[in-house]
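Heads up: the structure comes next, in structure tokens.
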């Protein structure tokens, strides 16, 4: 942990003892203000530097917790988060991501996506799947170009020309049908399960 080292460059410095043997040091040097909380052993626990670009916070503790009973918001131009071992996000409710530009996910090792139901949709372009080895599709039924009855009826109701009518899929009455979306099924969920 970083130790507090006296500096001869600081023009004005005020020290205020507080509880637990800690000391608050307020210093002013060449237009830059610094507020430092120094621990009983002389280690810097918190330093706030007021620079021309804005405040800079430096924590010296091994663990930091930010807790609030309501909302916590962060707003900035760029947001960078880096961890040496692990990043874990856990929501006990819903989790939503909105990206107004492009998105890229690169994983050095394996990637696993697990949910009760998964939908992958390309709204205006293609959906491409590429594998270096085998491409495996396992399911009770594997259907291609097979919309549900609800989707077919919705497209028929929106038909306004012969061209649109011919574009609606036609199915023989013996052909398979996609099942409608099922409701979520209660199940035990372990966020740490792999």
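Observations on the structure shown:
- Viscosity 1.567 mPa s, 4 °C: Kirkwood-radius Stokes-Einstein D of the stretch 65-111 over Cα pairs, µm²/s: 89
- Where labels lie 7 Å past Cα in the beta-carbon direction, separation of residue 138 and residue 150 in nm: 2.9
- Share of pairwise Cα-Cα distances greater than 30 Å in the chain is 57 percent (whole percent).
- Every helix of 4 or more DSSP H residues in the chain counts as -39500 (n - 2.57), and over all residues that averages to -2000 deg cm²/dmol at 222 nm.
- Chain lengthening between residue 118 and residue 164 when straightened (0.36 nm per residue, less Cα-Cα): 13.7 nm
- Approximating the spin labels as points 7 Å out from Cα along Cα→Cβ, the residue 12-to-residue 64 distance works out to 2.8 nm.
- The stretch 14-80-the stretch 82-142 distance, computed between alpha-carbon centres (Å): 38
- Computed over the chain, relative contact order equals 10 percent, with contacts defined as Cα pairs under 8 Å that lie 6+ residues apart.
Every read-out reported here was derived from the displayed coordinates using simple, explicitly stated rules and does not represent laboratory data. Not measured: the values here are computed from a predicted model. Don't worry about glycine lacking a Cβ; one is built from the backbone with ideal geometry, like all the others, and counts go over all protein chains shown.
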